[in-house]
Amino acid sequence: MSDAEQSTSDRIDASAANKRRFLIRMVTVLIGGMVLDGYVLGIIGPVSGRMADDLRLDAFWQGLIAAAALIGILIGSPVGGYASDKWGRKPIFMFDIGLFAIASGMQFFVDSAMLLIVVRLLMGIAIGTEYAVGWPMMAEFSPTHLRGKLMAAMGIAWYGGFMIAFLIGHLLNEYTNLSWHFILGTSTFIAVAIFLGRLGMPESPRWLWSVGRKDEAQALATKYLPDDALDDVRHEDVRKGSFGMLFSKQYRRSTLFISGFWFCAVTPYFAIATFADSVLEQYGLAGGLAGGVGLSAIALAGVIVTFLLIEKAGRRTLTVPPQWLCTVVLAIIGLWAGAPAIAVLILFLVFSFFNAGYNTLTNVYPGEVLPTEIRGIGTGFAAAVSRVGAGIGIFLMPMSMESLGPGPTMLIAAAVALAGAALSQWLAPETRGKSLTEAAAGYAH
């Protein structure tokens, strides 16, 4: 090999190494955002009793505080998605984690229920914005052959963050003299670390190309993107996106699928997981590993299995059959009056495992079936619809269990799962191995 050839080879190797290091950094700060999101929603449970006593909260105020983050997500997802499509991924990427760090830090000092609601609402807005920009960025920077795995890893991070928060909150609440303000505020340390990690991150080359800034896009793509993604950027359309495009003839199938699938996936999950102990108590089970911790652990296992299989089995295989299975499982629980407690527990664990698996695909599909110019607003809109489902499930579950009983309540949950299974059977595409341009173009009609 000549000196010139050796020099060229060295440059190629150095470029590949730099791209690998950048991808690791990008994945770390994006996954960190999902850990933080799960952490915030999980940390409040262990301290809710002390918080209620200190602030003299009745059931109404406790529920409002718990729901504030979900309401914020409902606001932040579409607004953040619109902003990231209009002004770029990078500024919104930094804004949401900055807002989160500030709002989280305010938890150290809250002294009233109203202020705590405002703080949790702001944190929810930041979380919703993170959903709308984090998943599109992961899709836009990932190599085609790893895109599914990397986006599924964000699901692992969310469930892991939720469980970590629950365990840390429980240990600090039970075995230290730290105030509930401090325990809630521990999310600030994670937020600041992620904010620092995001400093200096580049804009998405795909977004730059989509708005006509081709020279900048080419330069950043050459520096940061893997070769297959670099070539695919050049096939992006240059056009302005809008909210109305989600409901155009070309993309309304995509919007219906990602929103409806996400809604039907999370509605029974949030209802059952939030009230796991009280639900299982109706069947003669309660507490410990048979309650929320056990269901959460098995759900995390379901996400991990999906992560391992997504690039082998494909998206559709991991989306459609598990929904039919969960429909059947919930229907059996609802119809099997007088079932042995162990049988009910096994059925709930089966549901948690497979539901978490296809819930992971709700994170993957929006980034793949929508084009760059509406990827942010589409993901944000679908996330908002899903949180409506989560809110409905959480709000109605206690009333349904009390007025209708566990059997009819589980049959309602089965009906929601059935709707999701039927919708996915009809519309769920297979996007494995396709570039983002191919995936979006192949699904548009």
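Taking 30, 318, 171 as the candidate residues, the one with maximal mean-square fluctuation in a Gaussian network model of the chain, Cα springs under 10 Å, is 171. To the nearest ten degrees, helix 292-313 and the longest principal axis of the Cα atoms of the chain are 30 degrees apart. Residues considered: 100, 257, 247. Largest GNM mean-square fluctuation over the chain, using C-alpha springs under 10 Å, is found at 247.
Of the residues 97, 342, 44, the one that moves most in a GNM of the chain with alpha-carbon contacts below 10 Å is 342. Calculated on C-alpha atoms, the gyration radius of segment 3-205 divided by its Kirkwood radius gives an Rg/Rh of 1.08. For the cross-link pairs 149/312; 214/240; 214/249; 149/214; 149/240, the ones whose C-alpha atoms lie over 19 Å apart are 214/249; 149/214; 149/240. If you take the charge dipole of the chain about its Cα centre, with +1 on Lys and Arg Cβ and -1 on Asp and Glu Cβ, which of 80, 41, 106 is farthest toward its positive end? Towards the positive end, the residue furthest out is 80. Basic side chains Lys and Arg get +1 at the Cβ, acidic Asp and Glu get -1 at the Cβ, and with that the dipole of segment 245-443 about its Cα centre reaches some 580 debye. Between residue 112 and residue 199, the contour length at 0.36 nm per residue exceeds the Cα-Cα span by 27.9 nm. Eigen-decomposition of the gyration tensor built on the alpha-carbon atoms of segment 340-438 gives equivalent ellipsoid semi-axes of 32, 17, 11 angstrom, largest listed first.
The Stokes-Einstein estimate for the chain, based on a Kirkwood radius over Cα pairs and taken at 10 °C with 1.306 mPa s viscosity, is a diffusion coefficient of 71 µm²/s. For the chain, the longest principal axis of the C-alpha atoms and the axis of helix 214-224 are separated by about 70°.
The C-alpha atoms of segment 96-172 occupy a region whose extents along the principal axes are 50, 27, 14 Å, arranged from largest to smallest.
Taking Cα centre as origin and charging only the Cβ of basic (Lys, Arg, +1) and acidic (Asp, Glu, -1) residues, the dipole magnitude of the chain rounds to 720 debye. Take every Cα pair under 8 Å whose residues are at least 6 apart in sequence, average their separation, divide by the length of the chain, and the relative contact order is 24 percent.
Only the coordinates and a few stated rules stand behind these numbers; no lab work does. Computed from a predicted structure; not experimentally measured. For neighbour counting, all protein chains shown are included, and Cβ atoms are generated from backbone atoms with ideal geometry for every residue, glycine included.
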